[in-house]
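Reviewing the structure listed below.
The values are calculated or read from the model by the stated rules, or taken from the named source; none is laboratory data. Since the model is a prediction, treat every value here as computed from it, not as a measurement. As a convention, Cβ positions derive from the backbone with ideal geometry for all residues, glycine included, and neighbour counts pool all protein chains shown. Surface accessibility is based on the protein's heavy atoms, side chains included, excluding ligands, DNA and RNA. Shrake-Rupley method; radii C 1.70, N 1.55, O 1.52, S 1.80 Å.
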Amino acid sequence: MPIVTFTSDLAGSGYYLAAIKGSILKAFPEVQLVDVSNHIGPLDYKAAAFTIQKAYTYFPEGAIHIVHVNSADGKGRMLIAEKDNHFFLLFDNGTGPLIFEHEPVRFYEVSTEPESGSLFIQTILKGLKMIIERQSFGEAVQQFKVLRRLNPFGNDGTIKGSILFIDPFGNAITNITEEFFNRYITSDYTISAGGASLDRISKHYNVNEPGIAVAFFNSQGLLEIAQNNSRGSQLFGLKVDGPVLIMER
């Protein structure tokens with residue numbers, strides 16, 4: 001029974017999400033539909049890419065991951081990618097390169113007749129059929145939209161990073177890994193991001209009193225800035241792509 005996950009910006013969008021899911025189940029009644037998140041911000045393919053990048057490895061191999069965000073930007077052109085024996089159906093709007101970053105992943109086009117609207121149900125169904133029936137994907141496409149995340153910069157005593165993602169609780173996840181931090185920071189330091197300033201990294205989220213900022217390395221090994229029992233991103237003015245500076249004192 002194939003698992004098909006769904007990541008989209010379609011929550012609260014009337015019948016759209018139901019129409020896509022219903023069409024999938026009608027065409028492939030044997031699949032198991034699983035939502036990763038349908039609460040991605042409108043047209044926020046960066047958040048969608050980060051979400052599925054961190055989530056897909058928790059699913060069994062052979063799972064198919066549909067990313068339906070900002071479809072208009074891809075003009076309905078849908079691509080298939082495969083990595084780690086997982087399959088991805090996504091629009092040609094830069095989401096794929098953001099998911100896989102610098103991994104050597106090939107993209108294959110799902111060729112269909114043009115569809116009106118922005119749901120592209122028939123294109124999705126054809127892509128699913130190609131994957132489920134293990135049809136040939138043909139030749140890899142040579143041209144597709146490429147977007148890249150900012151990489152952190154470090155030298156002795158200083159790291160300049162940025163915020164990758166604001167989660168639903170208002171916590172800011174940065175692009176600074178624990179390994180990268182330990183490479184450049186070896187003594188007392190200050191972390192500055194928006195209006196937040198911290199001088200230590202804690203072991204977990206709820207180490208401080210409610211309302212106090214906290215920094216810690218999350219389950220993905222990424223530096224996270226949060227506020228216990230509150231939305232730190234709002235209080236400290238933290239935004240995606242916003243700068244994070246760590247300097248030794």
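Scanning region 168-199 for residues that are farther than 12 Å from Arg249 by Cα and either part of a loop (DSSP other than H, G, I, E, B) or polar (S, T, N, Q) (or both) returns Pro168, Phe169, Gly170, Asn171, Thr174, Asn175, Thr177, Asn182, Ser192, Gly194, Gly195, Ser197. Which members of region 1-34 meet the condition of being touching a helix residue (DSSP H, G or I) at 6+ places or on another chain (Cβ under 9 Å), assigned to a strand (DSSP E or B) and open to solvent by 30 Å² or more (accessible area, probe 1.4 Å)? The one that is touching a helix residue (DSSP H, G or I) at 6+ places or on another chain (Cβ under 9 Å), assigned to a strand (DSSP E or B) and open to solvent by 30 Å² or more (accessible area, probe 1.4 Å): Leu33.
Could you say which residue among Ile24, Ile64, Ile80, Ile3 is closer than 21 Å to Leu147 by Cβ and among the β-branched types (Val, Ile, Thr)? One residue alone meets the criteria, Ile80. Restricting region 162-187 to residues that are polar (S, T, N, Q) and touching an Asp or Glu at 6+ places or on another chain (Cβ under 8 Å) leaves a set whose member that is surrounded by the fewest Cβ atoms within 10 Å (Cβ to Cβ) is Ser187.
For the subset of region 193-229 comprising residues that are of a type in the set (Gly, Ala, Ser), buried (at least 16 other Cβ atoms within 10 Å of the Cβ) and farther than 28 Å from Tyr56 by Cα, which member is modelled with the lowest pLDDT? Restricting to residues being of a type in the set (Gly, Ala, Ser), buried (at least 16 other Cβ atoms within 10 Å of the Cβ) and farther than 28 Å from Tyr56 by Cα, the top hit is Ala213.
If you go through region 145-177 and pick out every residue that is over 22 Å from Lys46 (Cα atoms) and either among the small types (Gly, Ala, Ser) or modelled with pLDDT of 95 or more (or both), you end up with 4. Do you know which residues across region 35-68 are crowded, with 17+ Cβ neighbours inside 10 Å, assigned to a strand (DSSP E or B) and of a type outside the set (A, V, I, L, M)? Result: Ser37, His65, His68. Go through (1) open to solvent by less than 20 Å² (accessible area, probe 1.4 Å); (2) in a helix (DSSP H, G or I); (3) out of contact with any strand residue (DSSP E or B) (no Cβ under 9 Å at 6 or more places or on another chain) for Asn93 and report which single condition fails. Every condition holds for Asn93 apart from (2).
Among residues of region 97-139 being modelled with pLDDT under 95 and small (Gly, Ala, Ser), the one that is nearest to the chain's Cα centre (by Cα) is Ser118. If only residues of region 96-149 that are outside any loop (DSSP other than H, G, I, E, B) and hydroxyl-bearing (Ser, Thr, Tyr) are counted, the one that is most open to solvent (accessible area, probe 1.4 Å) is Tyr108.
To keep it simple, each residue is scored yes or no on (1) aliphatic (A, V, I, L, M); (2) touching a residue at least 40 places away in the same chain (Cβ under 8 Å); (3) closer than 26 Å to Gly12 by Cα.
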residue	(1), (2), (3)
Pro42	no, no, yes
Gln53	no, yes, yes
Glu61	no, no, no
Asn85	no, no, no
Gly96	no, yes, yes
Ile99	yes, yes, yes
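Close Cβ contacts (under 9 Å, 6 or more residues apart or on different chains) running from residues in region 5-16 that are without any contact (Cβ under 8 Å) to a residue 12 or more places away in the chain and closer than 12 Å to Leu119 by Cβ to residues that are open to solvent by 40 Å² or more (accessible area, probe 1.4 Å) and part of a loop (DSSP other than H, G, I, E, B) comprise Ser13/Pro42.
Scanning region 69-90 for residues that are of a type outside the set (Gly, Ala, Ser), assigned to a strand (DSSP E or B) and either within 21 Å of Ser162 (Cβ to Cβ) or in contact with a helix residue (DSSP H, G or I) (Cβ under 8 Å, 6 or more places away or on another chain) (or both) turns up Met78, Leu79, Ile80, Lys83, His86, Phe87, Phe88, Leu89, Leu90.
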